[in-house]
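Below: the structure, in structure tokens.
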């Protein structure tokens, strides 16, 4: 695709579009990883994941589509070296219980799942666990291992090589996703090592939630630095865990600011060289129904007392609340060790406001220094009820050479350069 043929953004500042892919006609993208010159993209609605050759980011070429097992999500994935780890979970957005997406974000999943995976009459007709692929040849992933779980499945993974992986898992007997450590000593036989949940989540053991029924206390995922896991617990806020003993994770600090703020905590990115933590609260309802959500900066010099010292600026060059669909934070580039790592620049997706870049050299006054808002998608891949034909920038990953890859629920993969 020549530069003349590239999509024209609705808005851009200090960011240049250099490549675009419709991902082989499967424009819906969730998590993206780039490894060995190939982008691995999980699909929300197209029932699998794709591999795109991006050795020339200006001319991306889809080379492989790996279909998901029946009725199964493979939306999130991680790569390191010759390994690709892929979640397997019930395809929530295909289930009748979640056709109105409000049901997905409001309240615990187990209550709604009484009609899906936790009880009769519905049988388990999906695959739940974590698949391991050999990607020595990145264009031909070859499954070599699988870790099954009993329940809805795994939602997201953190893996940067070595023995340990970390997942959020929906297991029988729990209200929602909990934290699990995974032993990868033998990648062909990954196995659970330990788990942690907030008190009240283990209903099978007689625990009772002490949060309101319309609050969703469930782990989205944790980023692990050293022996500390920084968990984003949706409406439960920040959960910091000590994982020095992987078999027995233990709580360091549970800190929640919802209410009065709207919840939906989605990413917790530690910046260890500065004793800072960037935390994004996901906007989860259309037209700002859940309020304006923020990306927060915390001082974590004292791990048992994280202190919020600033919020990132909210995009305001257009009326994004009225644009339709979700407006506000979703994902952050997570400083994986095999990618671009910075404690001064933060790359984030803001859904209908596209991709944003923030300068945080002054942690008390973050500044927006770049933006790219893709145009309206060509079509809706999302077949759920009442979805707007509006961009929803989903994930962002920046490679070591500074190339920015970003996905959209309907709009394909945009490949950018930051020019700030």
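The values are calculated or read from the model by the stated rules, or taken from the named source; none is laboratory data. Given the structure is predicted, the values throughout are model-derived calculations rather than measurements. Virtual Cβ from ideal backbone geometry, glycine too; neighbours counted across all protein chains shown.
Observations on the model:
Residue-by-condition table, conditions (1) over 23 Å from residue 124 (Cβ atoms); (2) surrounded by 16 or more Cβ atoms within 10 Å (Cβ to Cβ):
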| position | (1), (2) |
| --- | --- |
| 169 | no, yes |
| 180 | no, yes |
| 185 | yes, no |
| 201 | no, yes |
| 204 | no, no |
| 210 | yes, no |
| 218 | no, yes |
| 221 | yes, yes |
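- Residue within region 166-173 that is in a strand (DSSP E or B), under 25 Å from residue 284 (Cα atoms) and without any contact (Cβ under 8 Å) to a residue 40 or more places away in the chain present: yes
- The selection criterion, being more than 25 Å from residue 81 (Cα to Cα) and in contact with a helix residue (DSSP H, G or I) (Cβ under 6 Å, 6 or more places away or on another chain), does not hold for residue 371.
- When region 360-387 is filtered for residues that are surrounded by 15 or more Cβ atoms within 10 Å (Cβ to Cβ), over 25 Å from residue 416 (Cα atoms) and modelled with pLDDT of 95 or more, only 363 remains.
- Check on residue 279, assigned to a strand (DSSP E or B), at pLDDT 95 or above and within 18 Å of residue 395 (Cα to Cα): yes
- Any hit, region 352-361, residues being touching a helix residue (DSSP H, G or I) at 6+ places or on another chain (Cβ under 8 Å), under 30 Å from residue 100 (Cβ atoms) and free of Cβ contacts under 8 Å to residues at least 60 places away in the same chain: yes
- Residues in region 96-137 that are surrounded by fewer than 20 Cβ atoms within 10 Å (Cβ to Cβ), modelled with pLDDT of 95 or more and not in a loop (DSSP other than H, G, I, E, B): 1 in all.
- Any hit, region 301-320, residues being at pLDDT 95 or above and within 15 Å of the chain's Cα centre (by Cα): no
- From the list 173, 145, 153, the one residue that fits, being at positive phi and surrounded by fewer than 23 Cβ atoms within 10 Å (Cβ to Cβ), is 173.
- Qualifying residue in region 9-19 (condition: within 20 Å of the chain's Cα centre (by Cα) and either surrounded by 23 or more Cβ atoms within 10 Å (Cβ to Cβ) or assigned to a strand (DSSP E or B) (or both)): no
- Some residue of region 299-312 being within 24 Å of residue 30 (Cβ to Cβ) and crowded, with 18+ Cβ neighbours inside 10 Å: yes
- Criterion (touching a residue at least 60 places away in the same chain (Cβ under 8 Å) and within 16 Å of residue 309 (Cβ to Cβ)) met by exactly one of 286, 273, 299: 299
- Residue match in region 227-248 (condition: surrounded by 21 or more Cβ atoms within 10 Å (Cβ to Cβ), touching a strand residue (DSSP E or B) at 6+ places or on another chain (Cβ under 7 Å) and at positive phi): yes
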